Amino acid sequence: MKVISSGAILLLTFSILSFGIPNFANAQSDQPPLSVTTDYPGYADGSEIIISGQIKESSLADYPQDVTIMILSPNGNLVAIAQVNLDSTNSFSYTFTAGGMMSSGGEYIVKATYGLQAKGETTFNYSAPSDTPPSPPVVVEEPEPVVVEEPEPVVVEEPEPVIIAEPEPEPEPLCGEGTVMQDGKCVAEKSGGGGCLIATAAFGSEMAPQVQFLREIRDNTVMSTQSGTAFMTGFNQFYYSFSPAVADYERENPVFKEVVKVTLTPLLTSLTLLNYVDVDSEQEMLGYGIGIILLNIGMYFVAPAAVIIAIKNRIKRN
């Protein structure tokens, strides 16, 4: 009898364990390599959007990498991009203010990538200011005028004014160009059009003079005209399709980082020409912009090809 009871208990224990272990394994496998969510399903203009997520333990790279977050409009245009670090729990968070380049309402897509394999996606709705219908006018009936007898005026002697010296305001701390004051510290100013990822990785910081120069040319010169804004919209679609991967490889390979830094030098030199001209119209923007593009094509493609052809001709003569 004791043998039968012991066998029944062992059989019951084995059944419970065999049922619980597969469920636990399935729960572990349900976690995606990269999860991304927003704190609310919809936002209005000026609202704060908090994007957060987590990387699965098995998807972590052998060296530290950033998570690239891209926000796309309903028609597929890129409105914002950022790279954020992982914390100790393999989680990440990014805060973005609704508005700016988000010109139309609808469903926006948030894409997050980590390395070349881990990818995640979510959506949220945005209500643009033009989507809100105006409220109907409120008709207020004017009350009938009430005749009130005015009392006789009472002459009151005005007291002599007392002059109180105003305290001198404390001098506010000044921040350098490209930075703003936040919590008593000078931090890098955020731009709604995205950052120069390749240049930032090459020169080591968003506060580097070369990166600030590129940001000033984009915001103060190119995007001051409609043709420049249209050009930047198309350029961003192409540039941010590969720049996060190039920036990650720069941080991983110091030799490649130095090669990119040397390659960017002619481009930065040609863009300095825009500091000596006044771009006040669409025609001037198109003229100077096409001239800068042709100059870079000549430096990066035509000049090297001419040097190679000259070297080949000299070798044939010898």
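Observations on the model:
- For 278, 248, order by how many other beta-carbon atoms lie within 10 Å, fewest first: 278, 248
- Computed FRET value (nearest 0.05) for residue 123 with residue 302, which takes r as the C-beta separation and R₀ as 51 Å: 0.65
- Contact order for region 34-129, expressed relative to its length and based on alpha carbon pairs under 8 Å spaced 6+ residues apart, stands at 38 percent.
- Across every pair of non-identical alpha carbons in region 52-149, the mean reciprocal distance, once inverted, gives a Kirkwood radius of 17.0 Å.
- Overall, region 237-318 carries a charge dipole of about 880 debye about its Cα centre when +1 sits on the Cβ of Lys and Arg and -1 on the Cβ of Asp and Glu, all other atoms neutral.
- Gain upon complete extension [residue 148, residue 235; 0.36 nm per residue less C-alpha separation]: 24.3 nm
- Under the simplified labelling scheme, the residue 57-residue 207 pair shows an inter-label distance of 3.8 nm, with each label point 7 Å from Cα along Cα→Cβ.
- Peptides 296-306, 221-231, 40-50 ranked from most to least packed, by the mean per-residue count of other Cβ atoms within 10 Å: 221-231, 40-50, 296-306.
- Judged by the ratio a/c of the largest to the smallest principal axis of the C-alpha gyration tensor, region 191-317 counts as oblate, that ratio being 1.5 or greater while a/b is no larger than b/c.
- Take every Cα pair under 8 Å whose residues are at least 6 apart in sequence, average their separation, divide by the length of region 191-317, and the relative contact order is 28 percent.
- Gain on full extension, evaluated as 0.36 nm per residue between residue 97 and residue 316 minus their Cα-Cα distance, stands at 72.6 nm.
- Estimated FRET transfer efficiency (residue 141, residue 104; beta-carbon r; R0 45 Å; 0.05): 0.65
- Environment charge of residue 285, counting only residues whose C-beta is closer than 13 Å and scoring Lys/Arg +1, Asp/Glu -1: -3
- Put simply, the C-alpha atoms of region 264-307 give a gyration tensor, and the ellipsoid matching it has half-axes of 23, 12, 6 Å, longest first.
- Computing FRET efficiency as 1/(1 + (r/R0)^6) for residue 163 and residue 273, where r is the C-beta to C-beta distance and R0 is 41 Å, gives about 0.15.
- Note, ³J(HN,Hα) from phi for region 69-85, Karplus 6.51, -1.76, 1.60, rounded to Hz, x at Gly and Pro: 10, 10, 10, 10, 6, x, 8, x, 7, 7, 10, 6, 8, 7, 10, 10, 8
No value in this document is a laboratory result; all are computed from the given coordinates. Worth saying up front: this structure is predicted, and the values here are computed from it rather than measured. Backbone-built Cβ (ideal geometry, glycine too); neighbour counts: all protein chains shown.
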